[in-house]
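The structure appears below as structure tokens.
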């Protein structure tokens with residue numbers, strides 16, 4: 001089963017109990033759409049973000065998946081939410097980008113460090129043990145533990161699963177939003 005089918009399956013399962021809806025666009029197509037909406041070429045994006053043109057192309061075709069830092073950088077660069085980029089939102093909700101290029105000092109910590117702290121906080125807020133969260137998300141408990149001590153970063157698929165099951169935004173998990181999504 002490919003990544004998009006997995007996300008659609010997760011969303012369909014979560015839709016009734018949590019109100020989440022997954023949309024047809026995949027991360028690669030949404031990343032490309034965000035670039036085209038800004039009117040930038042792959043070459044221009046590569047120059048601004050200090051990436052190679054082939055890597056921009058690989059992200060846009062799904063040949064490679066960004067880590068949390070690059071996921072946050074792309075969202076901030078294009079001025080869209082991570083939730084939209086990973087297909088948790090239908091419309092490209094605009095965020096207030098700090099500048100055209102990601103500024104680490106504004107987020108204060110790397111997205112991976114912020115994720116580690118916030119996934120633990122979200123789990124505590126829901127009064128879940130690591131084992132309980134693992135059971136709900138079907139992510140091994142040892143993997144949840146590694147996320148919380150910053151030994152491992154989730155894939156986009158697992159980031160989406162965690163956001164859905166914990167009823168919070170992926171943006172908040174990465175430190176882009178200051179408050180958890182209250183919807």
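Read the figures in this text as sums done on the coordinates, not as results from a lab. Just so it is clear, the structure is predicted and the values come from calculations on it, not from any experiment. Counting neighbours? That spans all protein chains shown, and the Cβs are built from the backbone with ideal geometry, glycine included.
Among 165, 157, 44, which comes first, then next, by fewest other beta-carbon atoms within 10 Å?
44, 157, 165
What FRET efficiency comes out for residue 67 versus residue 91 if R0 is 35 angstrom and r is the Cβ-Cβ distance? Round to the nearest 0.05.
Once the sixth-power term is evaluated, E becomes 0.85.
What does the extension gain come out to for residue 47 and residue 29, with contour length at 0.36 nm per residue minus their alpha carbon separation?
Between residue 47 and residue 29, full extension yields an extra 4.4 nm.
Could you list 57, 142 so that the one with the fewest beta carbons within 10 Å of its beta carbon is first and the one with the most is last?
Going from least to most buried by this count: 142, 57.
Taking a quarter of the surface of the Cα convex hull of region 32-91, what do you get in nm²?
Computed as one quarter of the Cα hull surface, the answer is 3.8 nm².
Please report the relative contact order for region 107-174, taking Cα pairs under 8 Å with a sequence separation of at least 6, and give it as a percent rounded to a whole number.
For region 107-174, the relative contact order is 40 percent.
Just want the ordering: 118, 43, 123, from fewest to most Cβ atoms lying within 10 Å of their own Cβ.
Listed from fewest to most nearby Cβ atoms, that is 43, 123, 118.
Rg/Rh for region 107-174: what does it come to with C-alpha atoms and Rh from Kirkwood?
0.91
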